[in-house]
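Just below is one structure, and these are the notes that go with it.
The values are calculated or read from the model by the stated rules, or taken from the named source; none is laboratory data. All of these numbers come straight from a predicted model, not from anything done at the bench. Neighbour counts are summed over all protein chains in view; Cβ atoms, including those assigned to glycine, are modelled from backbone coordinates with ideal geometry.
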Amino acid sequence: MNIWRLMRRNAEDNFIVASLILLILFFGFSSDNFFSVITLTTILNQLPALTFVTVGMTLVLIVAGIDLSVGSVMGFCAAVVGVAAVAWGLPLWMACLMGLGTGLLCGAVNGLLVAYFSLPSFIVTLGMLEMARGLAYVTTGSQTMYIGSQIQSLALPLPGIGVSAALISAIVLVITAQFVLTRTVLGRYLVAIGSNEHAARMSGIDPRPYRLMVLAVSGALAGIAGIFNAAYLGSADPNAGIGLELSAIAAAVIGGTSLMGGRGSIIGAFTGVLIIAVLQNGLAQIGVSEPTKRLITGAVIIIAVVIDRWRAKHASSS
Amino acid sequence: MNIWRLMRRNAEDNFIVASLILLILFFGFSSDNFFSVITLTTILNQLPALTFVTVGMTLVLIVAGIDLSVGSVMGFCAAVVGVAAVAWGLPLWMACLMGLGTGLLCGAVNGLLVAYFSLPSFIVTLGMLEMARGLAYVTTGSQTMYIGSQIQSLALPLPGIGVSAALISAIVLVITAQFVLTRTVLGRYLVAIGSNEHAARMSGIDPRPYRLMVLAVSGALAGIAGIFNAAYLGSADPNAGIGLELSAIAAAVIGGTSLMGGRGSIIGAFTGVLIIAVLQNGLAQIGVSEPTKRLITGAVIIIAVVIDRWRAKHASSS
Amino acid sequence: MTGSARLTISNLNKAFAAPVLIGVNLKIARGEVHAIVGENGAGKSTLVNILAGNLRKDGGEISLDGNIYEPQGPRDAYTAGIACAAQELSSIETLSVAENIALRALPQKNFVIDRGALNANALKLMQRVGLQNIDPTSSTEALSLADRQLLEFAKAISFDCQLLILDEPTAALTAPQADHLHSIIADLAAAGKSIIYISHRLDDVLDVADNVSVLRDGELVVTTAAKQTSVSDLVEEMTGRNQITSTARRDYVSDAGVVLDVTCLTTNDLPHPIDLTFKSGEIVGLAGLAGAGRSELLSALFGLVPLTGGTVKRMNNGAAHVVLNAGQAVRNGIAYLGEDRQSMGLFPGQSLLTNMMVPGSADIRTLQCIDHKRERDAGTKLVEKLTIRCQNLTQDIRQLSGGNQQKALIARWLHRDSDILLLDEPTRGVDVGTKNAIYDLLISLRQKGKTIIMASSEIDELTTVCDRILVLSDRKLVRSFERNDFSEQDILTAAFSEFTASVENQSTSDSRVASPLR
Amino acid sequence: GSSGDSDHTGDTSGENGVPDDRPTVALIIKSLANEFFVTMADGARQHQSQNEGAYDLIVNGIKNETDLAQQVALIDQMIASGVDAIVIAPADSKAVVPALARAVAAGIVVVNIDNQLDADTLAEYELRIPFVGPDNFAGAEKVGNYLAATMEANQSVAILEGVPTTYNSQRRTAGFLKAMNDAGINVVAQQSAQWDQTAAVTVTSGILIQHPELDAILAANDNMALGAVAAIAQSGRGDAIKVVGFDNISAVQDLIREGRILATADQHAALLAVYGVEFALEALSGGATEADKATPVDLVTIDTLK
Ligand SMILES: Nc1ncnc2c1ncn2[C@@H]1O[C@H](COP(=O)(O)OP(=O)(O)OP(=O)(O)O)[C@@H](O)[C@H]1O
Ligand SMILES: Nc1ncnc2c1ncn2[C@@H]1O[C@H](COP(=O)(O)OP(=O)(O)OP(=O)(O)O)[C@@H](O)[C@H]1O
Ligand SMILES: [Mg+2]
Ligand SMILES: [Mg+2]
């Protein structure tokens, strides 16, 4: 598979890359040190957790669902990893596996309720948002658990390669998910279900297992995000991921995913993640005040979508 | 107009009232002091802000939009009220008017971008969420502003009537909005637009002014909520309303409003508000721990919708 | 009519709130084309849906090739060898045309979709059904209704089925397209496939079918050989009444004033300037082949598509208003019925009454209270007038049969009492009885001085009701016929004229060369 | 922790079902999601279980530290529940005063802990509410001075603030600033990380890029200090940058032992609520203790942990 072709093709239908470049240029001129290897590394290090969550979110949005619980589930999974590694003294790989399993379980519960009990995913995952956060507090006794440097190795650049294991797996995930979405039967089924569930059913596709699967995958990816968040922090923070769902949705939508389902791009969503990461970093570097940060963040979210829609209009009318 | 008929008719198609009653009974048995006038008053006093915001949200959801900015706009408007009353020494009514105007303006900006630039309301209002919060911090210099007892009179029981001006206006709003929605041409147009925008356009209804209006109304109602929040606290809290959008959406959906548009009930949404208020109050009175609160809140949100959907299925199959 | 029974239905029952299918018995042989006809709401689509696995039957037995057949979902129908083109077109807009066609069984190589095979297979099928001018990799969003109907058909014949069910496959097609489709049906039958064919075009039914069954109010009243029956017999059995024809008077009030004045109109899809005037008290038909631009013209008159040149003026009591958008059009007494009722007309999830009452009567104001009683009365009258079959006015519109939904949309504009009605395929999916009732209604509206401009793919429908017929060919207005020189042959020739011209003139600069079958 | 248990400790009726005259004390704190307050609550619960017969305890907190309206609602709900005393750690020093005035009017004994109520507002309501709690400013100054002692003048530091609207964040930041100014150390950056660990990594990373010369980071709570440590590790600057925090949560203790965090401040969360409760009980039993009481803030360093 040719990654570059995949990227280029998508870049073409995602004008959003322009927003990203504009943003980078802006920060480049506002800060002396923005154009530097260390900035690049720092931004890259911040990507994995949001990328994992956003890929899951994009898949859920494509089948016309939503997953508000990702942030809480991520926090809960990080908590499980922390407790398993510290309080129970399990080996790290086993603790991580438990974190992943926890995410999968939360996602599967969401999926079961949404797919087989026909409940709106917004409400089910809002309920899960509350519950998973509660469980994160219960698990850790509301305490940040220091795991130690062993887990941090996941988030630190691998010697020789220069990027972290977390980042590599995030990129592998993006490519795989984009591939699955555009090149496999499964991906086409997801698009079909999100675009016109009735028509999909008429073609013999039972939407329920796919909805279940997508929400379970989103949960599992939030679980992995939890592991990487713990790696990133070196500790398990039961408050990790508050509000993350909105960032993930924003990244997905900025990248061209429709909230109405049936339309979405993983590469686009990843571009959205990059925009958010660059924004956070750039703002931290130029050190503006909290209110200004808020104002700029809000404006960038809107402008990115304005540019994208303007492009879409322009393209379709010409 | 016969309020009772209106209420009863709606109660029939909202099984959700059953959830409310179950919840009240549960707390009644779990706490000695739950069945008391003071509990009732306490709950009633907490309703106005959420009610105002939820009514606006329900209208937005009916036209198949969403307004994530309500909480921030509420905080911003409260901040404006505070600054106008305290720093600029304006008379209270004028400060309140400015708060309302601020909300209207924020909502109108949302509406303009959504209706006339065809941007997804999720993203536009997410941007506004960030920006309005930033403005709230700027306005107040990130400090809670103590306004004083004058504004509190809005939130205190009126002598002779026993309930506050805020509550009365919230109830008037609910009845008016339900009336507009079910009994006027305007309400029908909103439902039509949410149900099939394309078909509405082909019936000669231009959806844009209605979308603009609904988002502007939602902003204005968030502004009023800001005034009542300031009245409730006696001060302007720039952090007021964080996460309020999710409560409002939950209340609306619990009350039978569809996130896909075209279906919604204001009375139902108000029942949703009551459920949330009773839940918060009851949990505080029995004094369970934070994790337990989260778990119960999440479970109640899901169960309420399960009951509603179960009823819907049952009703349609019979 | 060869071979043993492929499908046997005995004593089939199905009820929603009221019984919809009552003790239906049906036998279909290998290689048989079996037509099912009946009024709107008779239960045809319900029967289809049960066979296709979309609905569960309440009672009775179905067997397929001698085996009990109880589908739990569409997938079971598919594995049992049943293919179905449903009445309501449902293409998936964000997938390509080829993906839509092959969605059931996307070809893959090593777990990856084999795009080459996918598009090649699709193209073959598309050529077969007459969609050869469409790029299989393009999205279905831009397809016209007729193309989508053909797509539905292509989807159904995309795999080697034993029983092919076609629910009103020609409703949106023009006569040449329908003929072509019928020839494919004949080929499939000759290859031993059984076919269930549902249509309200009874001539077609008698042409293609071996046997015809008539459903009336959920009961199967008769099954006869097509050769031994006639349209009038079928109508009588469907309705229980004698032949129904249009009975209204038709004097042409020729000196009436102009109500709509079109000058030099062009749009992106109508590149050749069009000049037209419409008078009050006339019915004007728009004839043409698929893609000729009839729908485009109607929507331009209503202000739905931006004009690239010219104006549409609404003349009212000496005053002229330029129509710029749909809102203005409606306020100026213009009504529009789109060709695709699902996306352009219905408010799903809303009641039948609400669907008929938007946008409401002409005197209604946005900030006005609704007079529910008056509306209910008006709704009841409309339901009677158009014989809309429903349980009550508050029934969800989605629960009505296709033809009844169409009637509800016509009712919407009757209630509005507009002066000019722009109707795109108004009788699509409507049964013969009601069709004639609608013709009568249109003629009586004309008597009252209304102007009706209707596009239709059925030329005899146009010659029955119209005072004037305009023919479009390849997005160009080519001829106008007055009532006294109507001739189906001439109209058809005119409709083909531009296409034959462009075929003869191979060096056309227009890349979008259309074949007559499109 | 016992956070999974019901927090309504002790029966509300006596052994034989006869209502008793034990007073009920409501402890209203800020976020029960924050370790500091959880420790506070646990301390109070433990105290209650050791003094089983003396009083009943209800513990309530709000969802996040900024949800003022919810805390006001809690006060009203506690008035509705008919408690005898309220011990409160206010989420805001002004906005809760009117509600507390209602409580006092209802005959409830109110004790203020952790975060002192605004004197002017209290005066307006003619209230006198005793305060039991630490001095955040002094605590932060202590931590800052300890850090300054390891540094030289003209070196540079950055401050991570909490949620900028909160009193604690403002006081701690002020304390840090004073210590730095006194020592002649430059504060080159001052940004909010919202009390949040993940946000602290992002913010610290940005600061480290912009100010490569940085020598130390002062975080207004330990969560942000943990985030700063993670960011420093990722930047590969290892031991070059010193970090101090505030709160002495359990997770920082390992880091202090490892030398990756230099110091933090212990406000004795567990005791804070207990002081408040004892204060309230004393007032209920008639001992008129109107005066404020300062609780200790101790510096925690590698030496004190041994
Ligand atoms: N889901 C449903 N709930 C209630 N009634 C239904 C439902 N679906 C169909 N019906 C009713 O069943 C009857 C038969 O409908 P059906 O669609 O089978 O008619 P049809 O013969 O296909 O008509 P048409 O020619 O208009 O397509 C109609 O009266 C319709 O209102
Ligand atoms: N020659 C052509 N080649 C390709 N596309 C065409 C051609 N002519 C028209 N179209 C497109 O097909 C669509 C169908 O045109 P329109 O609906 O106006 O025709 P119609 O006569 O109503 O035919 P139909 O019966 O298909 O609705 C138009 O949107 C137009 O863009
Ligand atoms: Mg049908
Ligand atoms: Mg057409």
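For the subset of region D:209-219 comprising residues that are more than 8 Å from every other protein chain (Cβ to nearest Cβ) and more than 18 Å from A:Thr144 (Cβ to Cβ), which member is surrounded by the fewest Cβ atoms within 10 Å (Cβ to Cβ)? Walk me through it before giving the result.
Narrowing region D:209-219 to residues more than 8 Å from every other protein chain (Cβ to nearest Cβ): D:211, D:213-219.
Filter again for more than 18 Å from A:Thr144 (Cβ to Cβ), leaving D:211, D:213-216, D:218.
Details: D:His211: 18, D:Glu213: 8, D:Leu214: 24, D:Asp215: 20, D:Ala216: 23, D:Leu218: 33.
In this case the residue turns out to be D:Glu213.
If you go through region D:123-141 one residue at a time, how many are within 27 Å of D:Ala220 (Cα to Cα) and either surrounded by fewer than 21 Cβ atoms within 10 Å (Cβ to Cβ) or without any contact (Cβ under 8 Å) to a residue 12 or more places away in the chain (or both)?
So the answer is 5.
Within region C:377-396, identify whether any single residue is more than 16 Å from ligand 3 (Cβ to nearest atom) and among the hydroxyl-bearing types (Ser, Thr, Tyr), and answer yes or no.
Yes, region C:377-396 contains a residue that is more than 16 Å from ligand 3 (Cβ to nearest atom) and among the hydroxyl-bearing types (Ser, Thr, Tyr).
Which of (1) more than 16 Å from ligand 3 (Cβ to nearest atom); (2) modelled with pLDDT under 90; (3) outside any helix (DSSP H, G or I) is the odd one out, the single condition C:Pro176 does not satisfy?
Condition not satisfied by C:Pro176: (3).
Which residues, taken from region C:184-216, are part of a loop (DSSP other than H, G, I, E, B) and touching a strand residue (DSSP E or B) at 6+ places or on another chain (Cβ under 8 Å)? Spell out the reasoning first.
Going residue by residue through region C:184-216, those that are part of a loop (DSSP other than H, G, I, E, B) are C:191-193, C:199-201, C:209-210.
C:Lys193, C:Ser199, C:His200, C:Ala209, C:Asp210, listed by residue number.
All but one of (1) farther than 23 Å from D:Gly107 by Cβ; (2) surrounded by 24 or more Cβ atoms within 10 Å (Cβ to Cβ) hold for D:Ala273, so report the exception by its number.
(1)
Across region D:61-108, which residue is nearest to B:Glu245 (Cα to Cα) among those that are within 7 Å of chain B (Cβ to nearest Cβ) and touching a residue at least 60 places away in the same chain (Cβ under 8 Å)?
Among them, the one singled out is D:Thr66.
Does region C:395-412 include one or more residues that are under 27 Å from B:Thr184 (Cβ atoms) and more than 16 Å from ligand 1 (Cβ to nearest atom)?
Scanning region C:395-412 turns up at least one residue that is under 27 Å from B:Thr184 (Cβ atoms) and more than 16 Å from ligand 1 (Cβ to nearest atom).
Just one of D:Asp222, D:Asp254, D:Asp247 is within 7 Å of another protein chain (Cβ to nearest Cβ) and closer than 29 Å to D:Gly43 by Cα; which is it? Before you say what the answer is, go through the steps one by one.
Values: D:Asp222 fails: within 7 Å of another protein chain (Cβ to nearest Cβ); D:Asp247 fails: within 7 Å of another protein chain (Cβ to nearest Cβ).
After applying the criteria, what remains is D:Asp254.
So which residues in region C:146-173 are in a loop (DSSP other than H, G, I, E, B) and either of a type in the set (D, E, K, R) or near ligand 2 (Cβ under 9 Å from one of its atoms) (or both)?
To start, the set of residues in region C:146-173 that are in a loop (DSSP other than H, G, I, E, B) comprises C:157-162, C:168-173.
Listed by number, the residues that qualify are C:Asp160, C:Glu168, C:Ala172, C:Leu173.
Does region C:164-173 include one or more residues that are away from every other protein chain (no Cβ under 14 Å), closer than 21 Å to C:Ile50 by Cβ, more than 16 Å from ligand 3 (Cβ to nearest atom) and aliphatic (A, V, I, L, M)?
Looking through region C:164-173, at least one residue is away from every other protein chain (no Cβ under 14 Å), closer than 21 Å to C:Ile50 by Cβ, more than 16 Å from ligand 3 (Cβ to nearest atom) and aliphatic (A, V, I, L, M).
Restricting the search to region B:69-99, which residues are more than 18 Å from B:Tyr137 (Cα to Cα) and touching a residue at least 40 places away in the same chain (Cβ under 8 Å)?
To start, the set of residues in region B:69-99 that are more than 18 Å from B:Tyr137 (Cα to Cα) comprises B:89-94, B:96-97.
Selection gives B:Leu92, B:Cys96.
For region C:162-199, how many residues meet the condition of being among the hydroxyl-bearing types (Ser, Thr, Tyr), away from ligand 4 (no atom under 16 Å from the Cβ) and touching a residue at least 60 places away in the same chain (Cβ under 8 Å)? Give the steps one after another, and end with the answer.
So the first thing to find is which residues in region C:162-199 are among the hydroxyl-bearing types (Ser, Thr, Tyr), and the list is C:170, C:174, C:183, C:194, C:197, C:199.
From the residues that got through so far, the ones that are away from ligand 4 (no atom under 16 Å from the Cβ) too are C:183, C:194, C:197, C:199.
With the extra rule that they be touching a residue at least 60 places away in the same chain (Cβ under 8 Å), the set shrinks to C:194, C:197, C:199.
Matching residues across region C:162-199 total 3.
In region C:100-111, which residues are exposed (fewer than 14 other Cβ atoms within 10 Å of the Cβ) and of a type in the set (A, V, I, L, M)? Can you show your working first?
First pass over region C:100-111, keeping only residues exposed (fewer than 14 other Cβ atoms within 10 Å of the Cβ): C:105, C:109-111.
Across region C:100-111, the qualifying residue is only C:Ala105.
For region C:412-442, what are the residues that are within 16 Å of ligand 2 (Cβ to nearest atom) and closer than 12 Å to C:Asn40 by Cβ? Spell out the reasoning first.
We begin by selecting, within region C:412-442, every residue within 16 Å of ligand 2 (Cβ to nearest atom); these are C:422-429.
Across region C:412-442, the qualifying residues are C:Thr427, C:Arg428, C:Gly429.
Does C:Ala5 satisfy being within 12 Å of ligand 3 (Cβ to nearest atom), out of contact with any helix residue (DSSP H, G or I) (no Cβ under 7 Å at 6 or more places or on another chain), more than 14 Å from chain B (Cβ to nearest Cβ) and not hydroxyl-bearing (Ser, Thr, Tyr)? Reasoning before the result, please.
Details: within 12 Å of ligand 3 (Cβ to nearest atom): no; out of contact with any helix residue (DSSP H, G or I) (no Cβ under 7 Å at 6 or more places or on another chain): yes; more than 14 Å from chain B (Cβ to nearest Cβ): yes; not hydroxyl-bearing (Ser, Thr, Tyr): yes.
Answer is no for this residue.
Any residue in region B:105-133 that's basic (Lys, Arg): show its pairings with residues that are part of a helix (DSSP H, G or I) and surrounded by fewer than 24 Cβ atoms within 10 Å (Cβ to Cβ) at Cβ separation under 7 Å, as long as the two are six or more apart or on different chains.
B:Arg133/A:Arg294
State all residues of region B:191-201 that are facing chain C (nearest Cβ under 7 Å) and either basic (Lys, Arg) or closer than 13 Å to C:Gly360 by Cα (or both); if no residue qualifies, say none. Show your work before the answer.
Initial filter on region B:191-201 (facing chain C (nearest Cβ under 7 Å)): B:191-192, B:195-196, B:198-199, B:201.
Answer for region B:191-201, where residues must be facing chain C (nearest Cβ under 7 Å) and either basic (Lys, Arg) or closer than 13 Å to C:Gly360 by Cα (or both): B:Ala192, B:Arg201.
Of the conditions (1) crowded, with 16+ Cβ neighbours inside 10 Å; (2) within 16 Å of ligand 3 (Cβ to nearest atom); (3) touching a residue at least 60 places away in the same chain (Cβ under 8 Å), C:Gln399 satisfies every one except a single condition; which number is it?
With respect to (1) crowded, with 16+ Cβ neighbours inside 10 Å; (2) within 16 Å of ligand 3 (Cβ to nearest atom); (3) touching a residue at least 60 places away in the same chain (Cβ under 8 Å), C:Gln399 is out only on (1).
When residues of region D:228-250 are filtered for being outside any loop (DSSP other than H, G, I, E, B) and in contact (Cβ under 8 Å) with a residue 60 or more places away in the chain, how many remain? If you could, list the steps in order and put the result at the bottom.
Step one: list which residues in region D:228-250 are outside any loop (DSSP other than H, G, I, E, B), which gives D:228-235, D:238-240, D:242-244, D:250.
From what is left, the residues that are in contact (Cβ under 8 Å) with a residue 60 or more places away in the chain are D:228, D:242, D:244, D:250.
Qualifying residue count, region D:228-250: 4.
List the number of the failed condition for C:Asp114; all other conditions in (1) in contact with a helix residue (DSSP H, G or I) (Cβ under 8 Å, 6 or more places away or on another chain); (2) over 29 Å from C:Pro19 (Cα atoms) hold.
Unmet condition: (1).
Mind listing whichever residues of region A:239-264 are surrounded by 24 or more Cβ atoms within 10 Å (Cβ to Cβ) and of a type in the set (Ser, Thr, Tyr)?
A:Ser247, A:Thr257
Look at B:Gln280 and say whether it is among the polar types (S, T, N, Q), away from chain A (no Cβ under 14 Å) and touching a residue at least 12 places away in the same chain (Cβ under 8 Å).
On the way: among the polar types (S, T, N, Q): yes; away from chain A (no Cβ under 14 Å): no; touching a residue at least 12 places away in the same chain (Cβ under 8 Å): yes.
No.
Give just the number: which of (1) in contact (Cβ under 8 Å) with a residue 60 or more places away in the chain; (2) on the phi > 0 side of the Ramachandran plot does B:Gly287 not satisfy?
(1)
For every residue, the table says whether it meets (1) of a type in the set (Gly, Ala, Ser); (2) crowded, with 18+ Cβ neighbours inside 10 Å.
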| site | (1), (2) |
| --- | --- |
| A:Val81 | no, yes |
| A:Trp93 | no, no |
| A:Cys96 | no, yes |
| A:Gly103 | yes, yes |
| A:Gly134 | yes, yes |
| A:Tyr137 | no, yes |
